[in-house]
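The values are calculated or read from the model by the stated rules, or taken from the named source; none is laboratory data. All values derive from a computational prediction rather than experimental measurement. Here the Cβ positions follow ideal geometry from the backbone for every residue, glycine too, while neighbour counts run over all protein chains shown. Heavy atoms of the whole protein, side chains included, go into the accessibility calculation; ligands, DNA and RNA do not. Shrake-Rupley method; radii C 1.70, N 1.55, O 1.52, S 1.80 Å.
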Amino acid sequence: MALLLLLLSSILISMLHWSSGQPSPGYYPSHRFKPLPGFYHGYSNLWGPQHQTVSGDQSSATIWLDRNSGSGFKSNRPYRSGYFAASIKLQAGYTAGVITAFYLSNNQVHPGFHDEVDIEFMGNTPGKPYRLQTNVYIRGSGDSRYVGREMKFHLWFDPTADFHNYAILWNPDEIIFFVDDIPIRRYPRKSENTFPMRPMWMYGTIWDASSWATDRGKYRVDYRYQPFVARFTRFIIRGCSAYAPSSCRQAPSSQSGSGLGPQQYAAMQWAQSNYMVYNYCMDPKRDHALTPECWG
C-alpha cells in the first residue's frame, strides 16, 4: 500500500509539473531555420512609415499606434507555402482595442474574397492577460461569405516582459500555429473548400480595432496611453514563393517532415488543455454547417 501511495504521489507531482511547466516539443523549427539577414531582405513598409522604425543592422523593427496612425509591413513576395516566424514583444498596461497582428493574407489581390491565416494579439485592460487569437478563413471576409475559424489562447508567460517566438507553418496539407515552438493548433486540409490554396503575403501590423477587439468593443483604445508599441525581431521566412519552381521543398513541420511528432502532439494537447479559452468548433452559437471540418 505504501508503495502504491508513493507511486500515485509521484504521478500526481509529474502531472502538476506537466500542467504548469512548458513541455518540450522535441522539434524546434525556430532554431532549425536561419533568420533573414535583415528586415528588408524579406519585408518592406506597407503603411504608416512615420510609425515604423528599423534598427541600423535591420535585425529588428518597431511599429506603433497613436491617434494619428498605426503601421504595418508586408513581405516582398507572395508565397504558396512556408514557415513564417518572428520574435515579438508586446506593450504592457492599458492596450484595450489595440490589435498587434502577424498573419498571411492575399487581401490586396482578392479584396472582399480573400484568404487569411492570423495570429492576433487582442489588447486588454491592466491586470487581464493578453489573448492570442488564431484564425483561418477562406475566400471572403466582412460580408455574407465570412466564416471565422477562431481559436483563442491565454499564454503561459507574460508576452510584455520579453520577446517570444510566434510562427505559422502553411503547406498544401496543413496549417500549424507555434508559440515558442509549441504547436498550439493544427488545422489540416480536409477539403479545398475549407483550406486556403492561393498565394499569400506575410504581414505585421498594429491598428485600432476598438469596435470588437476587447470584450466585443466594451473597452476601446484610450489614446491617453499612446503610443502603443509592438517590437519584432528574428524574422524567419523559409518558404516557396509563388514564383518558385515546383521542385521547391516545403518547410518541414516535424522530424518526419509533415504532421506532428508524438512529443509535438503531446505539447499541443498541453497547450489546448491548459490555455485554450475559445474553440469555434465547440461554440453552440455557431452554425457548424458552415464549418464542416468540425464534424470529424
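Can you pull out every residue in the range 276-296 that is open to solvent by 40 Å² or more (accessible area, probe 1.4 Å) and aromatic (Phe, Trp, Tyr)?
Going residue by residue through the range 276-296, those that are open to solvent by 40 Å² or more (accessible area, probe 1.4 Å) are 276-278, 281-282, 284-290, 292, 295-296.
TYR278, TRP295 - these are the residues of the range 276-296 that are open to solvent by 40 Å² or more (accessible area, probe 1.4 Å) and aromatic (Phe, Trp, Tyr).
Screening the candidates GLY97, GLY112, GLY127 for the property of being at positive phi and surrounded by 22 or more Cβ atoms within 10 Å (Cβ to Cβ) yields one hit, GLY97.
Look at (1) within 19 Å of the chain's Cα centre (by Cα); (2) modelled with pLDDT of 95 or more; (3) of a type outside the set (A, V, I, L, M); (4) crowded, with 16+ Cβ neighbours inside 10 Å and you find that GLN269 fails only one, number (4). Filtering the range 109-125 for residues that are of a type in the set (Gly, Ala, Ser) and in a loop (DSSP other than H, G, I, E, B) leaves a non-empty set.
So which residues in the range 19-61 are polar (S, T, N, Q) and open to solvent by 30 Å² or more (accessible area, probe 1.4 Å), if there are any at all?
Step one: list which residues in the range 19-61 are polar (S, T, N, Q), which gives 19-20, 22, 24, 30, 44-45, 50, 52-53, 55, 58-60.
Within the range 19-61, SER19, SER20, GLN22, SER24, SER44, ASN45, GLN50, THR53, SER55, GLN58, SER59, SER60 meet the criteria.
When ILE175 is tested against (1) more than 21 Å from LEU65 (Cβ to Cβ); (2) surrounded by 15 or more Cβ atoms within 10 Å (Cβ to Cβ); (3) in contact with a His (Cβ under 7 Å, 6 or more places away or on another chain), only condition (3) is not met. Can you find even one residue in the range 239-262 that is in a helix (DSSP H, G or I), over 30 Å from TYR94 (Cα atoms) and at pLDDT 95 or above? Yes, that holds for at least one residue.
Considered as a group, the residues in the range 148-173 that are touching a Lys or Arg at 6+ places or on another chain (Cβ under 6 Å) and part of a strand (DSSP E or B) include one that is nearest to LEU132 (Cα to Cα), and that residue is LYS152.
Among the listed residues ARG186, ARG220, which satisfies the condition of being in contact with a Gly (Cβ under 7 Å, 6 or more places away or on another chain) and touching a residue at least 12 places away in the same chain (Cβ under 8 Å)? Outline the logic, then answer.
On the way: ARG186 fails: in contact with a Gly (Cβ under 7 Å, 6 or more places away or on another chain).
Only one candidate qualifies: ARG220.
Can we say THR194 is in contact with a helix residue (DSSP H, G or I) (Cβ under 6 Å, 6 or more places away or on another chain), open to solvent by less than 40 Å² (accessible area, probe 1.4 Å), farther than 30 Å from ASP66 by Cβ and polar (S, T, N, Q)? Taking the combined requirement at face value, the residue satisfies it.
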